[in-house]
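Colleague: Structure incoming, see below.
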Amino acid sequence: MPLRVVNPATEEQIAEVERAGVDETDAAVAAARAACPAWRAVTPSDRGRLLRRLATLVEEHGEELARIESRNVGKPIAGARAEVGMVADVFHFYAGAVDKKHGETIPVAGGVDMTFREPLGVVGLIVPWNFPLNIASWKLGPALACGNTVVLKPAELTPLSALRLAELARDAGIPDGVINVLVGKGSVVGQRLVEHPDVAKIGFTGSTEVGRSVMKGAAQTIKRVTLELGGKSANVVFADADLERAAAAAPYAVFDNAGQDCCARSRILVEKSAYDRFAQLLIDATRNVKVGDPDDERTEMGPLISRQHRETVASFVDTSPLFQGEAPNSTGFWFPCTLVEATNDDRVAREEVFGPVAALIPFADEADAIRIANDTPYGLSGSIWTENGARALRVARALETGVLSINSNSSVRVATPFGGFKQSGFGRELGMHALDGYSEVKNIFYATEH
Ligand code: NDP
């Protein structure tokens, strides 16, 4: 049955797409495999040039891509534009990185020892619906730069931007078979990619539960995996912070993308002596978040992705909230910005809500803040707000997370490594670090003595 693609802001069908099954997946893997030798033989500067051309085409089609993403995910248009801008920057970055990941020479007896970074072969990329094009580019950029060919599976809910990107890649001159996009169910297409003997690696972003099954399935063929999974990140606000700045920024750290963000700082930890004042400032700031029509340039938060997901999010608000904002009361999967008071043992503080619900949790002192922040199976992101520089670094080193920001909530940049500790996954995306996950080190010894 063809797939109905829906706009979550209006519940209207915006496209119908054919679904791939196992046979189509096998054909895509075969096409990617056949394209491998020629793609790996493209000179580094030419590979860089092709990626640069793709980056330029993404820029030239930026408005079109942003509109597609906004309609398919329900993202506010201003945010969608910024995301597409990042996609272009990612391809620019990896265009420049192709010839900058060098091997080594290592002093040994009797000859010369050198290392090369070799491509893995065919790579399966499985991405979610929350940042469809962004997360696809974080994987495509380094995978292609390293000389791999790819099969990309977008989430069924949001396949449209990946399909358009594949067309742009063809227009950029990237040869047929190098990028293959397959729309289909995770349990069918995704699962087949995970198990396929000719797929060398899976780059996965999504839930911890599916991440676990990817890891299990990959074990059969000792496939490499990079897993970028869920999070339950803490935004730690000390009493000596600039409370006005921290409170003004906090809503956007959890309500951006309607909270459907693995980096969402959905636990807001506040030192007891500043709790009441911060809570009032946070309520005032949350009241100002503009929720509504994604086409409106001023909108800051749109709907959730689906009806089913809205039910899941609503199930986390089982007590009277500290504050709940406004949201449209019409068609669309709307849910208002919600602040609840909690302890770290409550479900809302333990599980990833993936919606616009933030839990305020008081702490006694620095040691207590570190204990609470680390008391979670996740370890993706987080923030620390304090005017005491030594404390900021002490706490940053003590937190068990892969990405942190001090006096800021922004931690995703094209040039810097991104990824999790603990059950938030492993492997790093973005920056030069991502190239390690899409290449294999080969060591060669060349005897020079007879
Ligand atoms: P999933 O983990 O279910 O989906 C992510 C991707 O994996 C999708 O492309 C999906 O395909 C695919 N997939 C599903 N099952 C399998 C499988 N057995 N083998 C291989 N691939 C598979 O995330 P959801 O979209 O269902 O979101 C659920 C929760 O995941 C969220 O509430 C959130 O907690 C977390 N999440 C985290 C994200 C992050 O950025 N870290 C992003 C998205 C979700 P398809 O959906 O097309 O069937």
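Any read-out appearing in this document is the output of simple, stated calculations on the displayed coordinates, not a laboratory observation. Remember, it's a predicted structure, so these values are computed and weren't measured experimentally. Cβ placement follows ideal geometry from the backbone for every residue including glycine, while neighbour counts extend to all protein chains displayed.
Colleague: Counting only helical runs of four or more DSSP H residues, what would the 222 nm mean residue ellipticity of the chain come to if each run contributes -39,500 (n - 2.57) and the total is spread over all its residues?
Modeller: The helix-only estimate for the chain comes to -12000 deg cm²/dmol at 222 nm.
Colleague: In whole Hz, what ³J(HN,Hα) sequence does region 118-127 give by Karplus (6.51, -1.76, 1.60; θ = phi - 60°), x for Gly and Pro?
Modeller: The phi angles translate into 9, x, 7, x, 8, 10, x, 10, 10, 10 Hz.
Colleague: I've got another one for you. What ranking do 252, 446, 94 get, fewest neighbouring Cβ atoms within 10 angstrom at the top?
Modeller: Working: 252 17, 446 9, 94 30.
Fewest-to-most Cβ neighbours within 10 Å comes out as 446, 252, 94.
Colleague: Just from the alpha-carbon atoms, what are the Rg and Dmax of region 308-450 in angstroms?
Modeller: 20.8, 83
Colleague: Would you kindly derive the ³J(HN,Hα) couplings of region 306-312 from the backbone phi angles with the Karplus curve 6.51 cos²θ - 1.76 cosθ + 1.60 (θ = phi - 60°), listing them in order in whole Hz, with x for Gly and Pro?
Modeller: 7, 4, 4, 5, 4, 4, 4
Colleague: On full extension of the chain, what length is gained from residue 450 through residue 34, given 0.36 nm per residue of separation minus the C-alpha to C-alpha distance? Working shown, then result.
Modeller: Details: separation 416, 0.36 × 416 = 149.76 nm, distance 4.07 nm.
Separation in residues times 0.36 nm, less the Cα-Cα distance, equals 145.7 nm.
Colleague: Then there's this: Find the eigenvalues of the gyration tensor of the Cα atoms of region 206-305, then list the square roots of 5 times those eigenvalues as equivalent ellipsoid semi-axes, largest first, in whole angstrom. Before the final figure, lay out each step's value.
Modeller: Details: eigenvalues 232, 82, 14 Å².
Working from the Cα gyration tensor, I get semi-axes of 34, 20, 8 Å.
Colleague: If I fit a long axis through the Cα atoms of helix 275-287 and take the longest principal axis of the Cα atoms of the chain, what angle between them do I get, 0 to 90°, rounded to 10?
Modeller: Long axis of 275-287 versus the principal axis of the chain: about 70 degrees.
Colleague: To continue, here is another question. Where in region 34-121 are there GluC sites (Glu not before Pro) that are in a DSSP coil and have at most 16 other Cβ atoms within 10 angstrom of their Cβ? List each step's numbers first, then the result.
Modeller: Working: sites: 59, 60, 63, 64, 69, 83, 104; in loops: 104.
Filter output for region 34-121: 104.
Colleague: Can you give the % of DSSP beta bridges in the chain that are antiparallel, to the nearest 5? All intermediate terms of the calculation are to be shown ahead of the outcome.
Modeller: Numbers: 22 of 60 bridges.
Of all bridge pairs located within the chain, approximately 35 percent are antiparallel.
Colleague: Considering just Cα atoms, how many Å³ per residue does the convex hull of the chain enclose?
Modeller: Normalising the Cα hull of the chain by residue number yields 150 Å³.
Colleague: Enumerate the amide H contacts of residue 383 below 5 Å, restricted to partners 5 or more residues apart or on another chain; note that Pro and chain-start residues carry no placed amide H.
Modeller: The answer is 234, 235, 236, 405.
Colleague: If you count, for each residue, the other Cβ atoms within 10 Å and average over each peptide, how do 149-162, 312-325 line up from highest to lowest? Intermediate values should be presented prior to the final figure.
Modeller: On the way: 149-162: 24.6, 312-325: 15.6.
The densest-packed peptide leads the list: 149-162, 312-325.
Colleague: Kindly list the residues of region 265-306 that lie in the label zone of residue 312, defined by a backbone N under 20 Å from the point 7 Å along the Cα-to-C-beta vector.
Modeller: It comes to 265-267, 302-306, nothing else.
Colleague: So which lysines can residue 75 reach, going by Cα to Cα under 26 Å and dropping same-chain residues fewer than 8 places off?
Modeller: Straight-line reach from residue 75, under 26 Å: 139, 153, 185, 232, 290.
Colleague: Taking the Cα centre of each part, how many Å lie between region 301-354 and region 203-258?
Modeller: 17 Å
Colleague: Now, a different point. What number, in percent, do you get for the relative contact order of region 164-301 if the mean sequence gap of Cα pairs under 8 Å and at least 6 apart is divided by its residue count? Show your work: numbers first, answer last.
Modeller: On the way: 144 pairs, mean separation 23.5, N = 138.
Over region 164-301, the number comes to 17 percent.
Colleague: Normalized C-alpha radius of gyration of region 67-199, against 2.2 N^0.38 Å? Before the final figure, lay out the partial values.
Modeller: Details: Rg = 17.5 Å, N = 133, 2.2 N^0.38 = 14.1 Å.
Here the Cα radius of gyration is 1.24 times the empirical estimate.
Colleague: Sticking with this one: At 0.36 nm per residue, minus the direct Cα-Cα distance, what do residue 59 and residue 170 gain on full extension? Give it in nm, one decimal, please.
Modeller: On the way: separation 111, 0.36 × 111 = 39.96 nm, distance 1.54 nm.
So the chain would gain 38.4 nm between residue 59 and residue 170.
Colleague: If you don't mind, another one. Efficiency by 1/(1 + (r/R0)^6): what FRET value for residue 78 and residue 16, r their Cβ-Cβ distance, R0 = 25 Å, to the nearest 0.05? Could you put the intermediate results ahead of the total?
Modeller: Details: r = 29 Å, r/R0 = 1.14.
The computed FRET efficiency comes out at 0.30.
Colleague: Compute the FRET efficiency between residue 326 and residue 117 as 1/(1 + (r/R0)^6), taking r as their Cβ-Cβ distance and R0 = 56 Å, and round to the nearest 0.05. Let's see the in-between values first.
Modeller: Working: r = 52 Å, r/R0 = 0.93.
Step by step, r from the Cβ atoms, then E = 0.60.
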